[in-house]
Amino acid sequence: MINFSRRTSPTLEFPVALVRRSCLACSFALILLNTSCGQKPASSAPKDSDAGAPVPVKTAQAQIRPMERTVTVTGSFNAREQSTLSVKIPGRLQKIVVDIGSVVSKGDLLAQIDPGDYELRVKQAEAALSQARARLGLSPQGDDDKIDPEKTPTIQQAKAVLEEARKNRDRIKQLTQEKILAQAELDTVEAAYTVAVGKYQDAMQDVRERQALLVQRRAELNIAQKQLIDTTITSPFDGIIQQRRASPGEFLATGIPLLSIAAVNPLRLRLEVPERESSRIAPGQPIRVTVGGNTNVYTAEISRVSPMLSESNRMLVVEADVPLAAGLKPGLFAQAVIVINTNDPALVVPESAIASFVGIEKAFIIKDHKALEKSITTGRRKNGLVEVRSGLASGDSVILNPTKMRSGQTVVEEADAKTR
């Protein structure tokens, strides 16, 4: 039996698949051709970055102008004078009339030691002095201790005895020479005369000792009076109480600290100048001082300069007296600018002519109508001007506000640009 069902021949499937792949390739080629026809030729793109209209810019001229030459240093504020007051004599603290922060003037009462014992010592010394004066024939009271020893009763008595012995000896001697009296009589009066001379010398020695005792008694009285004065502690200068170290009722030995006082007007500003700048520092140079957390600028002058550099850090110590003002206290850290020259010539440009990127500073000048980038090194700044230490020359025209400027870009100066 013959089967008439239709069967596909394997030889007919290959031409059909090949035709389908060819059609797909032709379609893709047509798409690529249409896309490439819509693009502009690469040769039509601009080749130079300066293509287009010149960029209008404002310029200023680099000029030589006088500026301040300064040195920036650091330091700290200290009290002009600072003292720890100690007890000069032992005793019980009777009262203390100041505390931390008290403002005092020179000579003001600060504290009082119980003066009772020292008042008694003064009276005792006065009595001993009066006794010593009386033994020399002076009035018990008085301040003049000068005396002529020959006028004291002791010397006058001894002198009278000596004079009588001398006369008696001379008389007996004359009678002996005339053979009226024996030699024994002369020997007796000679001995008496020698005794009188000795008594006179003893009297002179006694008077000298009494004079020395008078001087001693006078010194003892002065010491007692000084100790009585020292029971009162007064301020040695105008200042502020910094610390109080004792309380009433305490018994204080000699040398025990009682109070700390500081004079703070003016303040003593102590600065350290590096070795390389030390030769330029001199008394009288102006100083501008600032402190942390304070926008105020304080002015002063260098008052004192150390004659030598510190061996430990090779720094020159200088000091200035700064008047006390709001915001200033001893112990504050300070940054100071020392003006070493007020008329130092420098090449300057406006601050707006400087462009900075990651710490690199540059400026743009105009050369052949194009912007030319210059790497520069800057220095001092004042009143909107910046010192250019390298990279520019006097007379160069610098472009202002060159933030988006590119080197080689064509530029033209604006008609209303003003040279600063």
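Beyond 34 Å, the tail of the calculated P(r) for the chain holds 72 percent of the Cα pairs.
Within the listed set Thr234, Thr152, Thr70, the Gaussian network model of the chain (springs between alpha-carbon atoms below 10 Å) gives the highest mean-square fluctuation for Thr152. The three principal axes of the C-alpha atoms in the stretch 207-365 carry coordinate ranges of 103, 41, 28 Å, sorted with the longest axis first. Candidate cross-link partners of Lys123 among the lysines, defined by an alpha-carbon separation under 22 Å and a same-chain spacing of 8 or more, comprise Lys88, Lys226.
Taken as Cα centroids, the stretch 220-299 and the stretch 61-109 sit 5 Å apart, rounded to the nearest whole angstrom.
If each DSSP helix of 4+ residues adds -39,500 (n - 2.57) and the sum is divided by the residues in the chain, what number results at 222 nm, nearest 500 deg cm²/dmol? Could the numbers behind the result be given before it?
Working: 4 runs with 122 residues, N = 420.
It lands at -10500 deg cm²/dmol.
The angle between the Cα long axis of helix 183-230 and the longest principal axis of the Cα atoms of the chain comes to about 30 degrees, rounded to the nearest 10. In the elastic network of the chain, a GNM with C-alpha springs shorter than 10 Å, the most mobile of Asp114, Asp206, Asp344 is Asp206.
Taking the Cβ of each residue in Leu392, Leu120 as the centre, tally the other Cβ atoms inside 10 Å and list the residues starting with the fewest. If you can, show how the numbers build up before the last one.
On the way: Leu392 19, Leu120 12.
Fewest to most other Cβ atoms nearby, the residues stand as Leu120, Leu392.
Computed over the alpha-carbon atoms, the stretch 115-229 gives an Rg to Rh ratio of 1.31, Rh here being the Kirkwood radius from the mean inverse distance. Name the residues whose placed amide hydrogens come within less than 5 Å of the amide hydrogen of Asp238, ignoring near sequence neighbours (fewer than 5 apart) on the same chain. Amide H neighbours of Asp238, under 5 Å, 5+ apart: Lys106. Using a 10 angstrom Cβ neighbour count of at most 15 plus a DSSP loop assignment to flag exposed chymotrypsin sites (Phe, Trp or Tyr not before Pro), which longest range of the chain is free of such sites? Between the exposed loop sites, the longest stretch runs 5-236.
Quick check for me: using +1 on Lys/Arg Cβ and -1 on Asp/Glu Cβ, what's the dipole size of the stretch 291-420 about its Cα centre, in debye to the nearest 20? Could you put the intermediate results ahead of the total?
On the way: 15 positive and 14 negative charges, 59 e Å.
Around 280 debye, computed over the stretch 291-420.
Report the residue, chosen from Arg121, Arg169, Arg245, that carries the largest GNM mean-square fluctuation when the chain is represented by alpha-carbon nodes joined by springs under 10 Å. Sorting by GNM fluctuation, first place goes to Arg169. Simple rule: put +1 on each Lys or Arg Cβ and -1 on each Asp or Glu Cβ in the chain, find the dipole, and look at Gln174, Gln94, Thr194; the Cα lying farthest toward the positive end is Gln94.
Which angle between 0 and 90 degrees, to the nearest 10, do you get for helix 10-38 versus the longest principal axis of the chain when only C-alpha atoms count? Rounded to the nearest ten degrees, it is 60.
Which ordering of Ser278, Ser303, Ser356 is given by a fewest-first count of other beta-carbon atoms within 10 Å?
Values: Ser278 19, Ser303 16, Ser356 9.
Listing Ser278, Ser303, Ser356 from fewest to most nearby Cβ atoms yields Ser356, Ser303, Ser278.
Once the Cα atoms are used to define both axes, helix 116-135 deviates from the longest principal axis of the chain by about 40 degrees.
All of the numbers you see were taken from the coordinates with simple rules; none came from a lab. Please read all numbers here as calculations on a predicted model, not as lab measurements. Neighbour counts are summed over all protein chains in view; Cβ atoms, including those assigned to glycine, are modelled from backbone coordinates with ideal geometry.
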